[in-house]
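Beneath this line is the structure, given in structure tokens, with notes to follow.
The values are calculated or read from the model by the stated rules, or taken from the named source; none is laboratory data. The model shown is predicted, which means the values in this text are computed figures rather than measured ones. No Cβ is skipped: glycine too gets one built from the backbone with ideal geometry, and neighbour counts run over all protein chains shown.
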């Protein structure tokens, strides 16, 4: 998989599919998101990076239509999108869910593909890429955490929406599985889908993402490629950070 530096050296797609503008979410006196703005571009893997509690899941739930927003908008080339219009553009894959636990993995993939109008001929390829072939007859509720994660990621990859949001896609996976999943996610982006990953392990983000949004305490502290963020960090701390982790610490 590419490192952050390698990803940054390759051409970054410039077509903005969606623009998140000044998104704000309050829980009583707590501000979970404060004026969050960033772009999502076709054909990229965008990493949303931040520690636990930084607002990553809240942001995904707002974008995916699970939570209402208090302020702000999600915009396409045609203008601001309603919640219904956003759902036609975005498929949100939450972390740590077990839908239909009594149903088999094969049923899940076929059902979701049919429900959202995906391509059923892709099911065998996606199953093979994610190592699901031995698990297709297993009930979802019987799977381990890592197996369930791969089954749900396969479900997300089979949906047709232009933007895929995946919350903590590498959680529960070993190194080999992480590499396999990363390869599948990059292939989805190469097919001109935008893939947005919420990741708290910076090393995972550095290996797979083309661009990054740094989130801390509900605020965006930086957006760009590794090189762009490194330049921002160097201007702030007076020296060039060596890796994405140091960049994050400098900017947040």
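So for segment 191-198 (the condition being exposed (fewer than 15 other Cβ atoms within 10 Å of the Cβ), closer than 30 Å to residue 247 by Cα and out of contact with any strand residue (DSSP E or B) (no Cβ under 9 Å at 6 or more places or on another chain)), does at least one residue qualify? Yes - at least one qualifying residue is present in segment 191-198. Selection of first residues in segment 60-79 that are at positive phi and free of Cβ contacts under 8 Å to residues at least 40 places away in the same chain and of second residues that are surrounded by fewer than 17 Cβ atoms within 10 Å (Cβ to Cβ) and not in a loop (DSSP other than H, G, I, E, B), restricted to Cβ pairs under 7 Å at least 6 apart or on distinct chains, gives the following pairs, ordered by first then second residue: 65/83; 65/87. Residues in segment 121-129: is at least one at pLDDT below 95, touching a helix residue (DSSP H, G or I) at 6+ places or on another chain (Cβ under 7 Å) and either within 19 Å of residue 195 (Cα to Cα) or surrounded by 19 or more Cβ atoms within 10 Å (Cβ to Cβ) (or both)? Yes, that holds for at least one residue.
Do we have residue 49 as buried (at least 17 other Cβ atoms within 10 Å of the Cβ) and in contact (Cβ under 8 Å) with a residue 24 or more places away in the chain here? Yes, satisfied. If I filter segment 87-120 down to residues being in contact with a helix residue (DSSP H, G or I) (Cβ under 7 Å, 6 or more places away or on another chain), part of a helix (DSSP H, G or I) and in contact (Cβ under 8 Å) with a residue 40 or more places away in the chain, which single residue comes out as farthest from residue 157 (Cα to Cα)? If we take residues in segment 87-120 being in contact with a helix residue (DSSP H, G or I) (Cβ under 7 Å, 6 or more places away or on another chain), part of a helix (DSSP H, G or I) and in contact (Cβ under 8 Å) with a residue 40 or more places away in the chain, then 105 is farthest from residue 157 (Cα to Cα).
Residue 236 satisfies every condition listed in (1) assigned to a helix (DSSP H, G or I); (2) crowded, with 20+ Cβ neighbours inside 10 Å except (2). For segment 44-85, give me each residue that is within 14 Å of the chain's Cα centre (by Cα) and either over 24 Å from residue 182 (Cα atoms) or in a strand (DSSP E or B) (or both). Passing the criteria: 45, 46, 47, 48, 49, 62.
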